[in-house]
C-alpha cells in the first residue's frame with residue numbers, strides 16, 4: 001500500500017494534466033476576481049468556498065484522466081500482477097484523487113483571498129473567532145469534496161474509460177444539480193433531497209454560525225454517501241475481469 005501511494009504521488013507530481021488544471025484554477029479565480037470588482041477578503045473566501053461547481057468539474061476531469069487512463073493503459077493490470085491486492089490499488093488511487101481535489105479546492109480560495117485582502121482588506125477584525133470560522137468552513141468543504149469525488153471514483157471504476165468517466169461525471173453533476181434546484185421550488189420532498197446535495201450544503205457551511213442540526217445533516221449525509229459509493233466502487237473493481 002505504501003509503495004502504491006508513493007507511485008501515485010509520483011505520478012501526481014509529474015502529471016501535466018494536473019498542473020494544467022491548477023493553472024486553470026488560478027486563471028478562473030483571477031477572472032472571477034476581476035468580474036466581482038472590489039470585495040473584501042472574507043467575501044472572497046465565502047464566494048470561492050461556496051462555488052463547488054467549478055472545482056468539482058475540474059476534479060471530474062482529473063478523475064477521468066488519472067484513473068480512466070490507468071485502465072486504458074492497463075497500468076492497473078500491471079499493479080495487480082505485481083502482487084498488489086485490489087483493495088490496496090483501489091484505495092491508493094482514491095486517496096490520491098481526494099488529495100488532488102483538495103489541493104485544487106484550496107488553491108481556489110487562497111488565490112482570491114490573497115488578491116482581495118491585499119486590495120481591500122479582510123473586511124473585519126481578524127481574530128481567533130475568524131480563524132476558527134475559516135478552519136471549520138474549510139474542513140466541512142473538504143468533506144463535501146470527498147463526498148462528490150467518491151462519485152467520480154464510482155464512475156471511473158464503472159466505465160474504466162477516460163471520456164465516459166469525465167462526460168458522465170460532469171453531466172450528472174451539472175444536470176442533476178440544475179434539475180433538483182429547479183424542482184426544489186415546486187416540491188417539498190425534492191427540496192429536502194436537494195438540501196442533502198453538496199451544491200446546497202456548500203451554501204450552508206459559509207454561514208457564520210451553524211446549528212447542531214445543520215452540522216449533523218452535513219456530516220451524516222456525506223459520510224453515508226462516501227461509504228456507499230466507495231464500497232460499491234470497490235465491489236465493482238473486485239468483480240471485474242481485467243484483460
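Values quoted throughout were computed directly from the atomic coordinates according to the rules given, and no laboratory measurement underlies them. The structure displayed is predicted, hence computed values, not measured ones. Every residue, glycine among them, receives a Cβ derived from its backbone with ideal geometry; neighbour counts consider all protein chains shown.
Counting pairwise Cα distances across segment 2-239, what percent come out greater than 35 angstrom? Distances greater than 35 Å cover 17 percent of the Cα pairs.
Modelled spin-label separation between residue 187 and residue 136, with each label point placed 7 Å from Cα along the Cα-to-Cβ direction: 3.4 nm.
The translational diffusion coefficient of segment 136-243, from Stokes-Einstein at 20 °C and 1.002 mPa s with a Kirkwood hydrodynamic radius over alpha carbon pairs, comes to 142 µm²/s.
Placing one identical point scatterer on every Cα of segment 1-112 and ignoring solvent, what is log10 I(q)/I(0) from the Debye formula at q = 0.10 Å⁻¹? Evaluating at q = 0.10 Å⁻¹ gives log10 I(q)/I(0) of -0.36. The rule of thumb for compact globular proteins, 2.2 N^0.38 Å, goes into the C-alpha radius of gyration of segment 70-168 1.49 times. In percent, rounded to a whole number, the relative contact order of segment 2-239 is 30, using alpha-carbon pairs under 8 Å and six or more apart. Approximating the spin labels as points 7 Å out from Cα along Cα→Cβ, the residue 78-to-residue 127 distance works out to 5.8 nm.
Taking other C-beta atoms within 10 Å as the exposure proxy, 31, 225 rank 31, 225 from fewest upward.
As a footprinting exposure proxy, order 145, 161 by other Cβ within 10 Å, with the fewest listed first.
Values: 145 23, 161 18.
Listing 145, 161 from fewest to most nearby Cβ atoms yields 161, 145.
Once the mean of 1/r is taken over each pair of separate Cα atoms and inverted, segment 160-214 shows a Kirkwood hydrodynamic radius of 12.8 Å.
Mind sorting 29, 79 by how few other Cβ atoms lie within 10 Å of their own Cβ, fewest first?
Working: 29 24, 79 21.
With the sparsest Cβ surroundings first, the list reads 79, 29.
Between 176, 68, 83, the GNM of the chain built on Cα springs shorter than 10 angstrom shows 83 fluctuating the most.
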